[in-house]
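Below is one structure, written out as structure tokens, with a few remarks after it.
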Amino acid sequence: MSDLQTLLDERDIVGVAIRYCRSLDTKHFDGLRDVFTPDATAQLGNPIVLGGIDAIIDRCRTALERLDISQHLVGTHVISVDGDTATHACYLQAQHVRASAGGGANYLVGGRYTDDLVRSAAGWRISHRTLTVMWTDGNLPVIRGD
């Protein structure tokens with residue numbers, strides 16, 4: 001693979017990570033169909049493995065739609081491309097805000113995403129994502145809906 005193709009693939013994979021964050025923060029959950037393969041799996045901070053894009057969308061919608069706003073930031077991307085498959089890892093910080101939550105309006109999560117990706121006719125898509133929560137701060141009822 002040429003150096004230029006590697007750079008283009010890496011740029012496109014970072015773009016997938018950014019589309020994920022934008023879909024969550026704009027509450028445009030169907031935009032996740034441009035992030036994941038239809039049969040993708042995900043472990044999003046708990047041991048439950050979600051199977052299929054619809055389950056992933058439902059989980060994200062349930063977690064975020066009650067919030068006033070969220071902001072997901074990703075960085076320190078590490079990517080390895082091998083033909084039409086790739087791995088990706090990055091750190092994240094996610095701010096969750098719900099003014100009506102008793103005890104404070106903010107809950108912050110720090111962690112990392114690790115992804116397996118495949119190249120499709122529509123571009124790179126995540127076939128499996130794992131969210132590992134490394135730390136949290138703030139008022140947990142913000143995300144629980146208490």
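The values are calculated or read from the model by the stated rules, or taken from the named source; none is laboratory data. None of these values were measured; they are calculated from a predicted model. Note that we place each Cβ from the backbone using ideal geometry, even for glycine, and neighbour counts take in every protein chain shown. Surface accessibility is based on the protein's heavy atoms, side chains included, excluding ligands, DNA and RNA. Shrake-Rupley method; radii C 1.70, N 1.55, O 1.52, S 1.80 Å.
Condition check ((1) in contact (Cβ under 8 Å) with a residue 24 or more places away in the chain; (2) under 11 Å from the mean Cα position of the chain (by Cα); (3) closer than 22 Å to Thr6 by Cβ; (4) open to solvent by 30 Å² or more (accessible area, probe 1.4 Å)) across all residues:
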| position | (1), (2), (3), (4) |
| --- | --- |
| Cys90 | yes, yes, yes, no |
| His96 | yes, no, no, no |
| Gly103 | yes, no, no, yes |
| Tyr107 | yes, no, no, no |
| Gly110 | yes, no, no, no |
| Leu117 | yes, no, yes, no |
| Ala122 | yes, no, yes, yes |
| Ser127 | yes, no, yes, yes |
| Val133 | yes, no, no, yes |
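The residue list Asp68, Asp82, Asp39 contains one member that is more than 23 Å from Met134 (Cα to Cα), in contact (Cβ under 8 Å) with a residue 60 or more places away in the chain and among the charged types (D, E, K, R), which is Asp39. Number of residues in the stretch 46-65 that are in contact (Cβ under 8 Å) with a residue 24 or more places away in the chain and open to solvent by 90 Å² or more (accessible area, probe 1.4 Å): the value is 1.
Just checking, which of Asp9, Asp30, Asp54 is under 14 Å from the mean Cα position of the chain (by Cα), assigned to a helix (DSSP H, G or I), over 17 Å from Val109 (Cα atoms) and modelled with pLDDT of 95 or more? Working first, answer last.
On the way: Asp9 fails: under 14 Å from the mean Cα position of the chain (by Cα); Asp54 fails: under 14 Å from the mean Cα position of the chain (by Cα).
Result: Asp30 is the single residue among Asp9, Asp30, Asp54 that is under 14 Å from the mean Cα position of the chain (by Cα), assigned to a helix (DSSP H, G or I), over 17 Å from Val109 (Cα atoms) and modelled with pLDDT of 95 or more.
Among the residues in the stretch 99-106, are any touching an Asp or Glu at 6+ places or on another chain (Cβ under 6 Å), modelled with pLDDT of 95 or more and part of a strand (DSSP E or B)? No, the stretch 99-106 contains no residue that is touching an Asp or Glu at 6+ places or on another chain (Cβ under 6 Å), modelled with pLDDT of 95 or more and part of a strand (DSSP E or B). Considering only residues that are of a type outside the set (D, E, K, R) and open to solvent by 60 Å² or more (accessible area, probe 1.4 Å), which ones fall in the stretch 5-22? Scanning the stretch 5-22 gives Gln5, Leu7, Leu8, Ile18.
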